[in-house]
Amino acid sequence: MTKFGAAAYAWMKKTGKAKVTTEELWRGLCESNPDLTAKTEHRKTPRTTCMRDLRKDDRFVVGNRVVQLR
C-alpha cells in the first residue's frame, strides 16, 4: 500500500464517496494531506505519482478522469 493509496482511500471513505473525478480527489487530498501533495525537490509531479499508484492499487478503478472504489 502506498501513501497516496492510503490517503485516497481514507479521504474517499471519510467523504462517503465511492466515485469521484480525479480533480475532486486531488483537491481533497491537497486539503487533507498537503505534505503529501506538495511538490518537492525530489517529487516534482506528485499528482502523476498519485494516479500511477492508484492504478496499481487493487482497491481502486481509475480511468476516464474518474477514481472509483472497487
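The values are calculated or read from the model by the stated rules, or taken from the named source; none is laboratory data. Worth saying up front: this structure is predicted, and the values here are computed from it rather than measured. Here Cβ is always computed from backbone atoms with ideal geometry, including for glycine, and neighbour counts include all displayed protein chains.
Need pairs with beta-carbon distance below 7 Å; first residue more than 18 Å from residue 52 (Cβ to Cβ) and within the range 16-30, second assigned to a strand (DSSP E or B) and β-branched (Val, Ile, Thr); sequence gap 6+ or separate chains. From the range 16-30, the pairs are 19/66.
Residues of the range 1-43 that are outside any helix (DSSP H, G or I), of a type in the set (A, V, I, L, M) and either modelled with pLDDT under 95 or under 9 Å from the mean Cα position of the chain (by Cα) (or both): 1 alone. Residues of the range 44-69 that are among the hydrophobic types (A, V, I, L, M, F, W, C) and either in a helix (DSSP H, G or I) or at pLDDT below 95 (or both): 50, 51, 54. Scanning the range 13-56 for residues that are in contact with a Leu (Cβ under 6 Å, 6 or more places away or on another chain) and within 14 Å of residue 69 (Cβ to Cβ) yields a count of 1.
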